[in-house]
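Asker: One structure, as C-alpha cells, below. Some questions next.
The values are calculated or read from the model by the stated rules, or taken from the named source; none is laboratory data. Note that the structure is predicted; figures quoted are calculated from it, not measured. We place every Cβ from the backbone using ideal geometry, glycine too, and count neighbours over all the protein chains shown. Ligands, DNA and RNA are excluded from the accessible area calculation, which covers all protein heavy atoms including side chains. Shrake-Rupley method; radii C 1.70, N 1.55, O 1.52, S 1.80 Å.
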Amino acid sequence: VQLQASGGGLVQTGGSLRLSCAYSGSILSIKIMAWYRQTPGKQRELVATIPTFGSTGYADSVKGRFTISRDDTKNTVYLQMNNLKPEDTAVYYCNAVLWTAQANWGQGTLVTVSS
C-alpha cells in the first residue's frame, strides 16, 4: 500500500486545516488507517485511527477538535482539524496497518499553527 499525504500549511490559532492521505495498492489488505504527528526531539504520537471495521479513535489532546474520515470512492483518508492550537504544530504522517500487521507510512506534511 502506498500513501501520499497532503494539506499541511500555516494557520493561525483557532483556524482549520484538512489533511488528505491518498492510498493505492492492495487496498483490501488495509485493517486500520491512522494519522500520527511528530515534533523535533519527540516520539511520533498517534492522533486518530479509523479501522476498516469498527469505530474511530482519537488522542485525548485532539478529541472534539479533529475528525478522521475515509472515502473509499476516492481512496482517501482525511483529518479535519478545527480550533487548532500552537501545540498542534508538527509533521503529520499517514499510516496504514495491514491485516498482515505490516505498517506502511506516507511522507509527512507539515502543519504550523501560529499564536
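Asker: Please give the charge dipole size of the chain, origin at the Cα centre, charges +1 on K and R Cβ atoms and -1 on D and E Cβ atoms. Round to the nearest 20 debye.
Answerer: 20 debye
Asker: Which ³J(HN,Hα) values, rounded to whole Hz and listed in residue order, are derived for segment 82-91 from phi using the Karplus coefficients 6.51, -1.76 and 1.60 in 6.51 cos²θ - 1.76 cosθ + 1.60 with θ = phi - 60°, glycine and proline given as x?
Answerer: Once θ is set to phi - 60°, the couplings for segment 82-91 become 10, 6, 5, 10, x, 6, 7, 4, 4, 8 Hz.
Asker: Taking all protein chains as present, what is the carbon and sulfur share of the accessible area of the chain, in % to the nearest whole number, probe 1.4 Å?
Answerer: Roughly 52 percent of what the probe reaches on the chain is carbon or sulfur.
Asker: Then there is this: May I have the convex hull volume per residue, in Å³, for the Cα set of segment 9-56?
Answerer: Convex hull volume per residue, Cα atoms: 130 Å³.
Asker: Okay, moving on. Most mobile of 98, 28, 19 per a Gaussian network model of the chain (Cα springs, under 10 Å)?
Answerer: Its mean-square fluctuation being the largest, the pick is 28.
Asker: Just by accessible area at a 1.4 angstrom probe, what is the order of 105, 99 from largest to smallest?
Answerer: Accessible-area ranking of 105, 99, largest first: 99, 105.
Asker: Mind checking which of 64, 14, 41 has the largest fluctuation in a GNM of the chain, springs on alpha carbons under 10 Å?
Answerer: Checking each option, the largest mean-square fluctuation is seen for 41.
Asker: Next question. Report residue 39's accessible area, 1.4 Å probe, all protein chains in place, as a number in Å² to the nearest 10.
Answerer: 40 Å²
Asker: Which percent, nearest 5, of DSSP beta bridges in the chain are antiparallel?
Answerer: 90 percent
Asker: On to the next question. What whole-number value in Å² describes the accessible area per residue of the chain for a 1.4 Å probe?
Answerer: Each residue of the chain exposes 53 Å² on average to a 1.4 Å probe.
Asker: Separate question: Provide Rg over Rh for the chain; use the alpha carbon set for both Rg and the Kirkwood Rh (inverse mean inverse pair distance).
Answerer: Result: Rg/Rh = 0.95.
Asker: Something else now. From the backbone phi of segment 42-58, what are the Karplus-calculated ³J(HN,Hα) couplings (6.51 cos²θ - 1.76 cosθ + 1.60, θ = phi - 60°) in whole Hz, Gly and Pro given as x?
Answerer: My calculation for segment 42-58 gives 10, 6, 5, 10, 6, 9, 7, 10, 9, x, 5, 10, x, 9, 6, x, 9 Hz in order.
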